[in-house]
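Here is the structure we will look at, set down as structure tokens.
Coordinate-derived values only; no laboratory data. A quick note: this is a predicted structure, and the numbers were derived from the prediction, not measured. Glycine gets a Cβ as well: all are built from the backbone with ideal geometry, and neighbour counts include every protein chain shown.
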Amino acid sequence: MHGICAGTGYVSLAATALLSAAPLARLGRPGWARFAVGAGAVSAASLALTLTGSFGGFFQRLGLTAGDTFVVATALAISSGRWSRDE
């Protein structure tokens, strides 16, 4: 059960960043779009590598850190007012 719940969370975290790239680009935020693709790709690849067994803990932490960094950075940008709703 833990594996199912954790796996769902990991996929959701990587997908959050990857799926936000196109909307960010459409909003005229190409730097944020590139950041989303980079963080999502690192997160997805790292979390997939946790299944290999070798260095699983390292890749798990790397993938989660990449995804969490994207989520926290965008939350800070939104809450600080750097992104207005009208943009």
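In a simple Cβ point-charge model (Lys, Arg +1; Asp, Glu -1; nothing else charged), the chain has a dipole of about 140 debye relative to its Cα centre.
I'd like to know which of 30, 81, 43 lies farthest towards the positive end of the charge dipole of the chain, counting +1 on Cβ of Lys and Arg and -1 on Cβ of Asp and Glu. Working it through, the farthest residue towards the positive pole turns out to be 30.
Counting only DSSP H runs of at least 4 residues, each contributing -39500 (n - 2.57), and dividing by the residue count of the chain, the helix-based mean residue ellipticity at 222 nm comes to -28000 deg cm²/dmol.
Taking other C-beta atoms within 10 Å as the exposure proxy, 34, 29 rank 34, 29 from fewest upward. Among 17, 77, 36, which one shows the highest mean-square fluctuation when the chain is modelled as a Gaussian network with alpha-carbon springs under 10 Å? Checking each option, the largest mean-square fluctuation is seen for 77. Long hydrophobic helices in the chain, taken as whole DSSP H segments with a C-alpha length of 30 Å or more on their own axis and mean Kyte-Doolittle hydropathy at least -1.0: 2-26, 56-79. Across 55, 35, 70, mean-square fluctuation computed from a Gaussian network of the chain (C-alpha pairs under 10 Å connected) peaks at 55.
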